[in-house]
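**Student:** Let me begin by handing over the structure; questions about it come next.
The values are calculated or read from the model by the stated rules, or taken from the named source; none is laboratory data. What you are looking at is a predicted structure, and each value in this text was computed from that prediction instead of being measured. Reconstructed Cβ throughout: ideal geometry from the backbone, glycine too, with neighbour counts over all protein chains shown. Accessible surface is based on the protein model in full, side chains and every heavy atom, while ligands, DNA and RNA are left aside. Shrake-Rupley method; radii C 1.70, N 1.55, O 1.52, S 1.80 Å.
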Amino acid sequence: MTVRPIVLAAGVGKRMRSSLPKVLHPICGRPMIRYVLAALEEAGLAQPVVVVGRGAEAVQAEVGDGATFVVQAEQKGTAHAVLVGLEAVGEAEAVLVLYGDVPLLTAATLRRLVAHQEDARPGITLLTAHLPDPTGYGRVVRGAGGLVERIVEEADATPGERAIGEINAGTYVFDPALLREGLGHVRPANAQGEYYLTDVIAWALQSGARVDALAVSDHLEVLGVNSRRDLARAEAAMRVRLLVRLMDGGVTVVDPQATYVHAGVVVGEETVIHPGSSLEGQTRVGRGCVIGPHARLVDAVIADGVTVVASTVVQSTVGEGSRVGPYSHLRPGSRIGRRVEIGNFAEVKNSTIGDGTKVHHKSYLGDATVGQRVNIGAGTITCNLRDRSGKKWPTVIEDEAFIGSDTMLVAPVRIGRGASTGAGSVVTKDVPAGAVAVGVPARVIRHSRVGG
Ligand code: UD1
Ligand code: CA
């Protein structure tokens, strides 16, 4: 059966009180519409038609090539949106309609819905759920023999109808001819003055078509995001899903309630994530790491056996067996080698740190290239910004150099291999390999006999 999906994403999202189109609000780091499209793709339902309106360009830019876009210039309701979407559908044996604000729907449920339509060939198959709190959703009104009669929106429902716990998930498979005809009969005679897609159900039944309803058991799947409260609920539910996936993959999550992960984060087996940690963006963590308590990793690439405690790592890489923190900040562009120690209150920005180097105690390395087995003394600072021009100057520290406590390295400057600086020195000129420089400004007091 050829199935063409239509995703409705043109709505104003008034209840979000936001200038960002609703379907672009992130859930676990990803715009919610991307989850809907991912579920479609996973279910093998290709080339969806996405109906955009509010913030059309932004939505289109986010979704990219995988969809056909149709603009619903004025948001007159879900029936009108589907009518607009149908223009781009072309030949299909079934039309699957789903809403861009229902991010937790799974590919398995979509497959089930489509399979039912294919096997039983009703006019419409719709998805429902029994919710403990159905507030805000359209209710499924059933008549004699428990058959679906119609869907009533909350705003139009009687108190009796509002007591119904079965809701319309907003996911349906339609026979295209029936859908087209039904849309022509929808009138905006309701509390919101909108063309409701849900009115097609009652019309179809009256005109003798069969409507089947499938219920989904996990009611979180059908959670629709209309407000920031819903957004937080969706985030929590999605987070649980992502954490379960990590745990099933051999990761220990000490306290899932206090651990935050984005979709797309990868973590290796035997890694332990402690509470208060947030793994964001495209972060990848290796095997056997200890992350947290209180680590924030943003687009970080962490090799095997690394420890990151109470520190922030942004767009940086950390090599095997290294240790970061507590209270360190790796800013974008930092490449930390293997078995490196980045200790208390160390800040590193756009720098390369070689294997076995130790960076401890309240130091700042910016735009620096640091070799292997270097010791960076307490309070060492690279003075990479010399004037108001904003230009940053590089510092090079070669292998096995020993930088004394409180050294100011006034860039551009190079500390040669095996060279040392005295405590409190202000280094304004290059220090040759093996030499010792001290003072303010630093003078070389001893040259290496071997010359490095
Ligand atoms: C809708 C259903 C309701 C169901 C609920 C499930 C209707 C009339 N009601 O209510 O029965 O329980 O979803 O979550 O369908 N949209 C457009 N163009 C428009 C209007 C809406 O593209 O003109 C899009 C919105 O961007 C949104 C989706 O359609 O993604 C649903 O619209 P929304 O206003 O959120 O409907 P609900 O009130 O949640
Ligand atoms: Ca909604």
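**Student:** Of the accessible area of the chain, with the probe set at 1.4 angstrom, what percent is carbon plus sulfur?
**Tutor:** Reported share for carbon and sulfur atoms: 51 percent.
**Student:** I've got another one for you. Over 34 Å, how big is the tail of the calculated P(r) for the chain, in percent of all Cα pairs?
**Tutor:** Distances greater than 34 Å cover 49 percent of the Cα pairs.
**Student:** Let me ask you something else. Return the distance in nm (one decimal) between the two label points of a simple spin-label model at Y327 and E154, each offset 7 Å from Cα along Cα→Cβ.
**Tutor:** 4.7 nm
**Student:** Need one number: % antiparallel among DSSP beta bridges in the chain, to the nearest 5.
**Tutor:** About 20 percent, rounded to the nearest 5.
**Student:** So what are the radius of gyration and Dmax for the Cα set of segment 153-274, in Å?
**Tutor:** For segment 153-274, the Cα radius of gyration and maximum Cα-Cα distance read 20.7, 60 Å.
**Student:** Let me ask something else. Tell me which residues come under 5 Å, amide H to amide H, from V50 once H is placed; ignore anything under 5 positions away on its chain.
**Tutor:** The list, which skips near neighbours in sequence, is V7, T68, F69, V70.
**Student:** I need the shape label for segment 262-395. Rule: rounded when a/c is under 1.5, else prolate if a/b > b/c, else oblate, with a, b, c from the alpha carbon gyration tensor.
**Tutor:** Note, shape of segment 262-395 comes out prolate.
**Student:** Report the calculated FRET efficiency for R112 and A73 (r = Cβ-Cβ distance, R0 = 25 Å), to the nearest 0.05.
**Tutor:** It comes to 0.10.
**Student:** What percent do you get for the relative contact order of the chain when only Cα pairs under 8 Å and 6+ apart count?
**Tutor:** Dividing the mean separation by the residue count of the chain yields 8 percent.
**Student:** Which whole-number value in Å² is the accessible area per residue of the chain, probe 1.4 Å?
**Tutor:** Roughly 44 Å² per residue, with all protein chains present.
**Student:** Arrange the residues K392, K14 by how much accessible surface each exposes, largest first, with a 1.4 angstrom probe.
**Tutor:** Solvent-accessible surface, decreasing: K14, K392.
**Student:** Show R139, R54 ordered by accessible area, largest first, where the area counts protein heavy atoms only and the probe is 1.4 Å.
**Tutor:** R54, R139
**Student:** Given 20 °C and 1.002 mPa s, how large is the Stokes-Einstein diffusion coefficient of segment 23-82 in µm²/s, with Rh as the Kirkwood radius over Cα pairs?
**Tutor:** 176 µm²/s
**Student:** Then there is this: Under 27 Å between alpha carbons, and skipping anything fewer than 8 positions from K22 in its own chain: which lysines qualify?
**Tutor:** Cross-link targets: K14, K76.
**Student:** Work out, in µm²/s and without decimals, the Stokes-Einstein translational diffusion coefficient of segment 209-297 at 25 °C, 0.890 mPa s, Rh from Kirkwood over C-alpha pairs.
**Tutor:** The diffusion coefficient I find is 171 µm²/s.
**Student:** Now, a different point. Using θ = phi - 60° and the Karplus relation 6.51 cos²θ - 1.76 cosθ + 1.60, list the HN-Hα couplings for segment 88-93 in order, rounded to whole Hz, with x at every Gly or Pro.
**Tutor:** Residue by residue, segment 88-93 yields 9, 7, x, 6, 7, 8 Hz.
**Student:** Then there is this: Order D299, D367, most accessible first, counting only protein heavy atoms with a 1.4 angstrom probe.
**Tutor:** Solvent-accessible surface, decreasing: D299, D367.
**Student:** How big, in percent, is the set of alpha carbon pairs in segment 1-48 lying more than 14 Å apart?
**Tutor:** 57 percent
**Student:** So what is the 222 nm mean residue ellipticity for the chain from helices alone, if each DSSP H run of at least 4 adds -39500 (n - 2.57) and you divide by all residues, rounding to the nearest 500 deg cm²/dmol?
**Tutor:** The helix-only estimate for the chain comes to -5500 deg cm²/dmol at 222 nm.
**Student:** Hey, what did segment 281-428 get for relative contact order, percent, Cα under 8 Å, at least 6 apart?
**Tutor:** Value for segment 281-428: 12 percent.
**Student:** Given points 7 Å out from each Cα along the Cα-Cβ axis, report the S207 to A38 separation in nanometres with one decimal.
**Tutor:** Reported label-point gap for S207 and A38 is 3.8 nm.
**Student:** Enter the Cα centre distance for the pair segment 65-91 and segment 369-446, rounded to the nearest angstrom.
**Tutor:** 63 Å
**Student:** Give the lysines whose C-alpha is closer than 16 Å to that of K391, dropping any in the same chain fewer than 8 places away, or say none.
**Tutor:** In chain and number order, the partners are K349.
**Student:** How many percent of the alpha carbon pairs in segment 324-452 exceed a separation of 20 Å?
**Tutor:** 35 percent
**Student:** Right, here's the next one. In segment 5-104, if every C-alpha pair distance is counted and binned at 10 Å from zero, what percent goes to each bin?
**Tutor:** 17, 54, 27, 3
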